[in-house]
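The values are calculated or read from the model by the stated rules, or taken from the named source; none is laboratory data. Keep in mind the model is a prediction, meaning the values are calculated, not measured. Note that each Cβ is placed from the backbone with ideal geometry, even for glycine, and that neighbours are counted across all protein chains shown. Areas reflect the complete protein model, heavy atoms only, side chains present, ligands, DNA and RNA absent. Shrake-Rupley method; radii C 1.70, N 1.55, O 1.52, S 1.80 Å.
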Amino acid sequence: MSELTRETLVLNMGPQHPATHGVLRVLLELEGEAIVGAEPVIGYLHTGFEKEMETRTYHQNIVFPPRIEYLATFIEEQAYVLAVEKLLGISAPPRATMIRLILAELSRIASHLVYLGTGAMDLNVSSLLMYCFRDREEILDIFEMVSGQRMMHGYFRIGGLQWDVPTGFTERVRTFLKTFPSRLDEFETLLTDNLIWRERTEGVAVLSAEEALRYGCTGPLLRGSGVSYDVRKAFPYGGYDEFTFDVPVGVAGDAFDRYRVRMEEMRQSLRIVGQALDRLPEGPVLIDDRKVALPPRGELVRSMEAVIHQFKLVSEGIHPPAGEVYAAVESPRGEKGYYIVSDGSNRPWRVRVRSPSFNNLQALPVMLAHGSVADVVVAIASIDIVLGDVDR
Amino acid sequence: MAVTGGVSLRATLVSRAATSAEATAADVRALESNVLTTTVDRMASWARKNSLWPAQFGLACCAIEMIAVAQSRFDIARFGSEAFRASPRQADLMIVSGRVSQKMAPVLQHIYEQMLDPKWVIAMGDCASCGGVFNNYALVQGVDKLVPVDVYVAGCPPRPEALLYGLLKLQELIANPSARRRS
Amino acid sequence: MTDPTDALVGQLGAGVVEQTRFRDERTLVVDKAHLEPALDAAFGLGFTVLTDLTAVDRHPGVPRFEVVYLLTSLVPPARLRLKVRVADGETVPSATGRWPGANWLEREVYDLFGIRFDGHPDLTRILMPDDWEGYPLRKDFALVEEPVQFIGHTPKVPSQIIPKSKQP
């Protein structure tokens, strides 16, 4: 071999590339088709959420979480309100908790559907994207029915929900629960035994359990490698300890196992939603604490006190005690946590968003080691990153 | 006679005149109804507006709605724009779908420069139009500081229907450049 | 069930400057010299995952920064927060030797707060552009808002309108 051909080639992939799921840039060092080194370059979607949240009151900040991770919007809102509720030492009424949980699980399905559609699209199964979005639209319709918005809901409140779900909500969700399992089977017939899909994903982008833990990976990435760590089980929040569901784990830690884990997670989510609908209690959806939640609209015309509370809450907001809390939820990408430091004033001193995609993406070079250049898109798709979540 | 929309529905007449001396007024009318005259510009913009090819350029939350627009429920193919191109050199429409950070700004400008003329830009969503809910160190307050924007679509994120409406507005603009509102 | 953090406090002895418990969350503040032994000891007690590494700017408090390590134990599930206080310009030993995942987290802290880590393989900016000046998450770094125009109003910057209602 001559000197010339042994040189490595540095290839710049992104930040605008159809298979990077956003504005990610990957520097690849190639020797022919083989990858010698890979380095993700991030920050192209850095929005300054953490700084922005320091300047607003706790209620105003509900606007930001769904914009950080825009695929699983309700889970993101849930994480933020749970953190503030923990800081205040309050908890939402049972009905509100249950509705939050139903919406969060539907969010998880919607997010996994985007993973499945775009992940398959990267391997040129383009019809699946259409099927996945068809079903995702059904979930978004439910969201819109509840909150009035398809994506950025702002429906969860500190201490409960903005308002109760409309009539017909449970029927709508039940219809979805009935139709969706057969759709999932349909997707699996398209992919699971598909020779091309298996050859492109099996043994590709392998991440061992030890490496995953060393890099702080969580979510389907970690579970695909065989570690059964799910925040819903390990540190139960939002009523998850009352439900029976399984945590699927993989064995090989490759892209195919991650796909299997996510498919099974969708089924488990359906299971949780079904149980939650059966047990959905009646009652208020907002905490009856005038220092935290707005008084009902009707009270304002009758009670002077309610007007004062309304005025204080809207103009000044709530004053949690000084202290610091960390509340984590299991997002479709892994452990999503909000670390809030309060100084006793009406605005947080520091909000730190612990994002799963950030840690997971860091393991990309490990997954790509000794791989070929065609596997890069498979690896990125199998991590299922959301760039808004990586860069915040 | 200029034709922009549909062809005139006047009954087609056939002229039987062999030479110009024989032609009657009826024959001249027949000739007019069989010939379309237009300018090359209008012909070209008619073709351009009905096959806008967007660059596949997703930034943030709005990109998800942009994908939804391309799927079966909203079906952007009805308006001739389903061909999302991965390379800016094959695209003539840039849909800036989301917030543009200071780090992304030079890249976005570079991609815009790589697109071939004529090209159009839709600022999709509040962040791309004016910065949206964010006004801080990290974000460019509106993509019009970087590239010329033709249509702004409001919403956070805009519904797919809103984006389609924006696309139709852009088609109107291309067909009739004088309709552009200038500030 | 004994709390593994009690064992940790016992092992570290005088290294623990302060310990707090708030809403069932344990926070230990260790002095800088004891940071690495503390992380080692925590690792030995089962806190094997570095879930998060971040910083808090206490400006105008002294010392200015707190670097926060959030450690997780998988079996049994437990969390522990370790903190170290550093002044502006002081460095912190890097945790990348034990957790390669600390690499990006430390780069982010450096990028947004300007805290340097000793022994970090590649301490460069990660989220902001390479030629950026300043550290955005510091409290004395303005939000850098552009004035907003509303007809009939003098443009004001939001943070000037909203008063900080109570100072700690």
Would you tally the residues in segment B:99-141 being within 25 Å of residue C:134 (Cβ to Cβ) and outside any helix (DSSP H, G or I)? 17
Of the listed residues (C:54, C:48, C:91, C:96), the one being over 16 Å from the mean Cα position of the chain (by Cα) and not aliphatic (A, V, I, L, M) is C:48
Identify all residues within segment A:365-391 that are crowded, with 23+ Cβ neighbours inside 10 Å and within 11 Å of chain C (Cβ to nearest Cβ); write none if there are none. A:390, A:391
All but one of (1) hydroxyl-bearing (Ser, Thr, Tyr); (2) over 17 Å from residue A:386 (Cβ atoms); (3) in contact with a helix residue (DSSP H, G or I) (Cβ under 6 Å, 6 or more places away or on another chain) hold for residue A:73; which doesn't? (2)
Qualifying positions in segment A:51-66 - closer than 26 Å to residue A:112 by Cα and out of contact with any helix residue (DSSP H, G or I) (no Cβ under 6 Å at 6 or more places or on another chain): A:62, A:63
Whichever residue in segment A:328-353 is among the β-branched types (Val, Ile, Thr) and within 13 Å of the chain's Cα centre (by Cα) and, among such residues, is farthest from the other protein chains (Cβ to nearest Cβ): A:329
Taking residue C:24, is it exposed (fewer than 14 other Cβ atoms within 10 Å of the Cβ), modelled with pLDDT of 85 or more and more than 26 Å from residue C:138 (Cα to Cα)? no
Given the condition open to solvent by less than 40 Å² (accessible area, probe 1.4 Å), more than 13 Å from every other protein chain (Cβ to nearest Cβ) and within 24 Å of residue A:272 (Cβ to Cβ), answer yes or no: does some residue in segment A:80-88 qualify? yes
Meets criteria (modelled with pLDDT of 80 or more, over 13 Å from the mean Cα position of the chain (by Cα) and facing chain A (nearest Cβ under 10 Å)) for residue C:81: no
Conditions first: (1) touching a Leu at 6+ places or on another chain (Cβ under 8 Å); (2) within 22 Å of residue A:51 (Cα to Cα). Residue C:47 passes all but one, so which condition is the exception? (2)
Taking interchain pairs and intrachain pairs at least six residues apart, which have beta carbon atoms under 6 angstrom, with the first residue in segment B:24-40 and closer than 30 Å to residue B:176 by Cβ and the second of a type in the set (Val, Ile, Thr)? B:33/B:12; B:36/B:3; B:38/B:3
Can you pull out every residue in segment C:53-65 that is without any contact (Cβ under 8 Å) to a residue 60 or more places away in the chain and open to solvent by less than 10 Å² (accessible area, probe 1.4 Å)? C:53, C:54, C:56, C:65
Name the helices (runs of 4 or more DSSP H) wholly within segment A:1-111 that hold at least 1 residues that are hydroxyl-bearing (Ser, Thr, Tyr)? A:73-88
Condition first: under 15 Å from residue B:121 (Cα atoms), in contact (Cβ under 8 Å) with a residue 24 or more places away in the chain and of a type outside the set (A, V, I, L, M). Can you find one or more residues in segment B:155-165 that meet it? no
Within 10 Å of another protein chain (Cβ to nearest Cβ), within 17 Å of residue B:69 (Cβ to Cβ) and touching a Lys or Arg at 6+ places or on another chain (Cβ under 9 Å): is that true of residue B:127 in this structure? no
Which one is farthest from residue A:258 (Cα to Cα) among residues in segment A:328-370 that are among the basic types (Lys, Arg) and modelled with pLDDT of 90 or more? A:350
Residue in segment B:146-162 that is among the hydrophobic types (A, V, I, L, M, F, W, C), within 14 Å of chain A (Cβ to nearest Cβ) and outside any loop (DSSP other than H, G, I, E, B) present: yes
Subset tally (residues that are touching a Cys at 6+ places or on another chain (Cβ under 8 Å) and under 20 Å from residue A:73 (Cα atoms)) for segment B:129-162: 6
On the basis of being more than 17 Å from residue A:81 (Cβ to Cβ) and open to solvent by 20 Å² or more (accessible area, probe 1.4 Å), does residue A:111 make the cut? no
Just to verify a result, which residue in segment A:296-327, among those that are of a type in the set (S, T, N, Q) and either within 14 Å of another protein chain (Cβ to nearest Cβ) or in a loop (DSSP other than H, G, I, E, B) (or both), is farthest from the chain's Cα centre (by Cα)? A:303
Among the residues of segment A:124-176, which ones are in a helix (DSSP H, G or I), open to solvent by 20 Å² or more (accessible area, probe 1.4 Å) and closer than 30 Å to residue A:198 by Cα? A:126, A:127, A:130, A:131, A:134, A:138
Residue selected from segment B:40-65 under the condition in a loop (DSSP other than H, G, I, E, B) and aromatic (Phe, Trp, Tyr), by the criterion nearest to the other protein chains (Cβ to nearest Cβ): B:57
Do we have residue B:68 as assigned to a loop (DSSP other than H, G, I, E, B), among the small types (Gly, Ala, Ser) and open to solvent by less than 70 Å² (accessible area, probe 1.4 Å) here? no
Single unsatisfied condition, residue C:87 versus (1) in contact with a helix residue (DSSP H, G or I) (Cβ under 9 Å, 6 or more places away or on another chain); (2) hydrophobic (A, V, I, L, M, F, W, C); (3) farther than 16 Å from residue A:391 by Cα: (1)
